[in-house]
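The values are calculated or read from the model by the stated rules, or taken from the named source; none is laboratory data. No experiment lies behind these values; they were computed from the predicted model shown. Counting neighbours? That spans all protein chains shown, and the Cβs are built from the backbone with ideal geometry, glycine included. Just the protein is used for accessible areas: all its heavy atoms, side chains included, with ligands, DNA and RNA removed. Shrake-Rupley method; radii C 1.70, N 1.55, O 1.52, S 1.80 Å.
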Amino acid sequence: MLWIERGVAAISVLSSKRIASLSRAEETTMIAHWDWLRIGLLWLFATTACAGSSAQAESYPTGPVRFITQLTAGSGTDPAMRIVIDHLGKMWGQQTVLINQPGAGGAIAARAAATATPDGQTLYMAVASTFTVLPEVQSNLPFNVNDFVPIGFVGEVPMGIAVSPTFSVNSLPELISFSKRQVGGLSIAAGPRGQLPHLTTELFRSRSGGDFTEVFYPGAAQAMSDVISGRVPVIIDGLAGPVGGGQLKLLAIASTARLDSRPGVPTVSETLPGFAASGWFALVAPPGTPAAIVKKVSHDLRTVLTQEDVKQKLSVLSVSTRVMSPQELGDFISSERQLWMPVIKRIGVATQ
């Protein structure tokens, strides 16, 4: 569009020179003519730019699409992410690849996504901690997580509270009551420090008034032997992991309503009204990604997530989804920040 910009500039220069040699009446007429010509060229520039953006979106994607995630391969919601991007790839007729870049509390993956070329060929499967924990515990990040462009909500896995199969309690109220009778508190596996299982454990402890002593593990898989044996009798973690695998006694799920797949398991909110905590993941784009591409990907993501076979596959993994527009996703992320920020400050996760 450089020729249009130069044309507008040349018109301004020429009009200034010509006007200087005209009479008053001729000057008025000439100014009007030049103004209309400038307006016409600017309108042409705007419509050409819009047409180019629309054409870019219609042909998108033009090659393989990379989806970056901070999760390690096969862990957490990684399998669910692969289901979604596989179906997007089939819809687009292009290869889609999930790139696992774990480490530094999610900062490595987030930085790779933030600095990627904003052409839609690299997208970011961001997890909850990207927006709720990372900016709070790493204040010197070379990018701003608020600059990511929201595309759409993908899925969520509610947190579950489970106990050893031989543990004497059989409900959440019993567990809370039992903890208060233990000298020094009842041990509870809280997952990695500063991550969602830890935050949920802290929120549960403060809301319930229970007396719990947190024991930190790299992940639920590493904690399972201690929980099964009863050495650490309680665990809070995502339902998609070992907590929901059937080896433990699941007392409650921190979803907003009872799950269709587990109708017999009560929600935490039935004991502690309003309590909900889920590990969620959403699709965002690098800063500066064109709005037309964001709109197309959002529409295609919505189409994929409403397909029955996709919903069934996600349900098997205890993953549910919600349809959100880019604006709704932005609002949701803001509300999640407000929920977890006081907890993060209270537990005092060190700023790096």
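Worth a mention:
- Set of lysines with alpha-carbon distance to LYS90 below 26 Å, sequence-local pairs under 8 removed: LYS295, LYS296, LYS311, LYS313
- Rolling a 1.4 angstrom probe over the protein heavy atoms with all chains in place gives the range 262-347 an accessible area of 46 Å² per residue.
- Accessible surface of the range 170-234, 1.4 Å probe, proportion on carbon and sulfur as whole %: 50 percent
- Ignoring aspartates and glutamates fewer than eight residues from LYS345 along the same chain, the ones with Cα atoms less than 15 angstrom from its Cα are GLU136, GLU202, GLU336.
- Carbon and sulfur %, accessible surface of the range 58-169 computed with the full protein complex present, 1.4 Å: 50 percent
- Calculated FRET value between ARG346 and SER325, using beta carbons and R₀ = 35 Å, to 0.05: 0.60
- Estimated distance in nm for a label pair at LYS249 and ASN146, the labels positioned 7 Å out from Cα along Cα-to-Cβ: 4.7 nm
- Accessible surface of the range 268-352, 1.4 Å probe, proportion on carbon and sulfur as whole %: 55 percent
- Sequence-separation-based contact order of the range 245-352, relative, with Cα cut under 8 Å and 6+ spacing, percent: 15 percent
- Between the C-alpha center of the range 216-256 and that of the range 87-101 there is a gap of 32 Å.
- Calculated FRET value between THR256 and GLU174, using beta carbons and R₀ = 25 Å, to 0.05: 0.60
- Computed E for SER334/THR166 - FRET, C-beta separation, R0 30 angstrom, nearest 0.05: 0.10
- Given a 1.4 Å probe and the protein chains as shown, GLU174 ends up with an accessible area of around 90 Å².
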